[in-house]
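Have a look at the structure below, then the notes.
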Amino acid sequence: MHILFVCWGNICRSPSAEATFRKLLKKRGLEKKITCDSAGTIGQHHGNPPDPRMQKAARSRNLSLGGTARMATDEDFEKSFLLLTMDNFNFSELSSLAPNAELKAKIKPFCSYVSNGVKEVPDPYYGGAAGFETVLDLLEDGCSRLLDELESQLTPS
């Protein structure tokens, strides 16, 4: 089972979601059953590392943000069980990139897993340090609830 986290540029929210989810997978011993990655809907930041401000906020929570920004591909749609978008704009943009209707049906808002009723993970790029903390709070909550649901769908080994 493969999960793809998607935001706009793949330098703040989606790599943080990927790191948060990986940490939970390792903690629950599920890294061989569920994999994850992240991507963006634009190529503007292609090849860039995650935003340094997000890296700093993540380090304070023992999260290691790695990789480089990239855009979602047709292969991502093919191999992913779910493609989770951080906000409505990302949902719309990713939907327009979907190769067909069947694969488009795999796209879901990440916040459908967040417990406090928030509808979007806000983009912290143009804000202050508190915005990065808010994003990480939402990602921790949503990733935990997402993994609870996915774990219940796994076949026992």
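Points to keep in mind about this one:
- Annotation for ALA129 and LYS33: the two label points, set 7 Å from Cα along the Cα-Cβ direction, are 3.9 nm apart.
- Legend: P(r) of the range 65-157 from all alpha carbon pair distances, 10 Å bins from 0, whole percents, reading 15, 39, 38, 8, 0.
- Within the chain, the longest segment free of exposed loop sites, counting trypsin sites (Lys or Arg not before Pro) that fall outside DSSP classes H, G, I, E and B and have at most 11 other Cβ atoms within 10 Å, spans 33-118.
- Cα gyration tensor category, rounded, prolate or oblate, for the range 16-90 with a/c compared to 1.5: oblate
- Scanning the chain for DSSP H helices at least 27 Å long along the axis (C-alpha atoms) with a Kyte-Doolittle mean no lower than -1.0 picks out 129-153.
- When each of TYR113, TYR126 is scored by the number of other beta-carbon atoms lying within 10 Å, the sequence from fewest to most is TYR126, TYR113.
- Cross-link pairs LYS32/LYS119; LYS26/LYS119; LYS79/LYS108; LYS23/LYS56 - those with Cα-Cα distance over 22 Å: LYS32/LYS119; LYS26/LYS119
- Dividing the convex hull volume of the alpha carbon atoms of the chain by its residue count gives 106 Å³ per residue.
- Extension gain, SER152 to SER60, is 30.1 nm, computed as 0.36 nm per intervening residue step minus the present C-alpha separation.
Just so you know, all these numbers are worked out from the coordinates, no wet-lab data involved. Note that the structure is a prediction, hence the values are computed from the model and not measured. FYI the Cβ positions are ideal-geometry reconstructions off the backbone, even for glycines, and counts take in every protein chain you see.
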